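Just so you know, all these numbers are worked out from the coordinates, no wet-lab data involved. It should be emphasised that the depicted structure is a prediction, and the values quoted were computed from it without experimental measurement. Cβ atoms come from the backbone with ideal geometry, glycine included; neighbour counts cover every protein chain shown.
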Amino acid sequence: MTLLPWKRAIRSSGPQTSAFEDLAMPLLPSLYNVAFWLSRNATDAEDLVQETFLKALRGFSSFEPGSNFKAWIFRILRNTFLTSRSGLAAQRTVALEDELSGGEDGPAHYPEAAIDRQTPEMNLMLLSDRAALQTAMETLTPPLLEVILLADVEELKYREIAAVLDVPIGTVMSRIARARAALRAALQSPTGPSKPTGTSREVRA
Amino acid sequence: MSDHLSDGLLNALADGELSAEQLAAANEHLSQCASCTSNALFQSLLKSATAKAGQRYAPPAQLHDRLAQLAKQETTSSNVRGARRPAGALSIAGWAIAAALLLACGGILVFERNAHQDAVASSESAALVTEACDQHIATLAGNAPPQVISTDRHTVKPWFQGKIPFSFNLPENLPADTRLEGADLTYLHNQPAALLLYSIGKHRVSVFVLQRTIAGSVDVVSAEHAGFHVTAFSTAELDVLAVSDVDPVRLSGLVNAIEQVQDGVRH
């Protein structure tokens, strides 16, 4: 377990703004997009990105040149989200979620109804419905949503996602499998994906 | 159907994470298995569809400019400003005036820099207080048991070994009606922190212990936020914040007890 990456931030010798901006500004759309998905509203997303940006700038001297800046700043975004109000609520959802699904490292199973009941043509039609897929993504719990955003939208490798989330690669693979199974089930549900009702959060409160 | 490709393999295939050997074996199976081929195709299409659907929110136009402005302010606040040399003076009086101006300008610059640093430190402290209060509220609302449940300081302190990159002491003798309930590992100000959970009577207290850093040092001694009282102290190595709705005097009693035992902590 890596314990001490943050310690390097202590020997900060002042922001190197230009180099930092060159790296960070092109990632602003990605950071904002993921921040909005996680926090679910524009105001929180802006606050989250701004706080991430400042933390990354102040700790930029701890960034090791040559390593993956995108993974580094997404890790800061994710940690910042976790300590935000909405992030703390999300953290409390994880335990029960894993309990219900048999643990993070357990095998992911496709729901029975999701397998081989649809023709490839029907699948293609389902996947072409962007709004339905976005609605299905909204139903994912935060741990599954963030892993799918990092893997599919941001195209990070498993080891990079593991570094961002600070979990083993096996957990990343397990969460990806569960997330895709959930998306598949939601899309192939006869009633289509339904908007999250908030039940999962209320259960844990 | 153990011969079929597992979920993990199908996902790793779609994500391009298979080794050359795994890929060859998977391709061989796919050439003979329509079911797995259909699943692999769906996974691949799902990934590309999710990638497109996931790109949903664009940042507002002013956010880029605001962040660039913030970056400039950060640079300004961290740069050491050198005093300007005066232009050449031809007389002693000129030199004297120049020296006086230099002193005055230097004083103003130092004052401005200190004022700015104070403002930055003050806003950071306010953010820290807000974050600590938010976490305290979340702890109260969460109703989840502490990660380590114990009234024994000899159980709670060792629990943090290997979890946080610093150590701290817990007091043996607590003020009347004050009791250690347990502790959690948490993050405060983007740093790992020990969250010690105390109760004073029926009031719950969250005590955050985090490593002192240059950037995130605690600048408050006490504050009020959202109806909660925050009391803080710092040692050479630690920042400690306590949050509760209990009477500030009683909260200070607990904080003082914690502060008194911090000498001689191994770091």
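I need the peptides B:238-246, B:173-181 ranked by packing, meaning the mean over residues of other C-beta atoms within 10 angstrom, with the highest value on top.
Working: B:238-246: 24.0, B:173-181: 15.0.
Averaged packing, sorted descending, gives the order B:238-246, B:173-181.
Can you list residues whose amide H is under 5 Å from B:R204's amide H, if they're 5+ apart or on another chain and H is modeled 1.01 Å from N?
Correct list: B:D245.
Amide H of B:Y187: which non-local residues (sequence gap of 5 or more, or other chain) have their own amide H closer than 5 Å, using H built in the peptide plane?
The answer is B:A193.
Please average, across the residues of A:149-156, the number of beta carbons from any other chain that are within 10 Å of each residue's own beta carbon, and give a whole number.
Counting Cβ atoms of other protein chains within 10 Å of each residue's Cβ and averaging gives 5.
Search the structure for amide H atoms under 5 Å from the amide H of B:L238, placed 1.01 Å from N in the peptide plane, and list their residues when 5 or more places away or on another chain.
B:R212
How many Cβ atoms of partner chains, on average, are near each residue of B:40-50 if near means within 10 Å of its Cβ?
6
Pulled fully out, how much extra length does the chain show between B:N143 and B:S77, if you take 0.36 nm times their separation in residues and subtract their Cα-Cα distance?
The span from B:N143 to B:S77 would gain 19.6 nm if fully extended.
Which of the three applies to region B:7-49, rounded, prolate or oblate, going by the alpha-carbon gyration tensor with a ≥ b ≥ c and a/c under 1.5 meaning rounded?
oblate
Which order do the peptides B:247-255, B:143-151 come out in when sorted by mean C-beta neighbours inside 10 angstrom, highest first? Intermediate results must be reported in sequence, preceding the final value.
Working: B:247-255: 18.4, B:143-151: 13.7.
Order by mean packing, descending: B:247-255, B:143-151.
Within 10 Å of each Cβ of B:67-74, how many other protein chain Cβ atoms are there on average?
For this peptide, the per-residue mean of nearby foreign Cβ atoms is 6.
Once you've got the Cα coordinates, tell me which of A:K55/B:K52; A:K157/B:K163; A:K55/B:K47; A:K70/B:K47; A:K55/A:K157; B:K163/B:K202 are over 22 Å apart.
A:K55/B:K52; A:K157/B:K163; A:K55/B:K47; A:K55/A:K157; B:K163/B:K202
Let me know the Kirkwood hydrodynamic radius for region B:121-267, please, with Cα pairs as the basis and the value in Å to one decimal.
15.0 Å
Compute, for region A:16-83, the length of the dipole vector about the Cα centre, with Cβ point charges of +1 (Lys, Arg) and -1 (Asp, Glu) only. Units Debye, rounded to 20.
Details: 6 positive and 7 negative charges, 45 e Å.
I would put it at about 220 debye.
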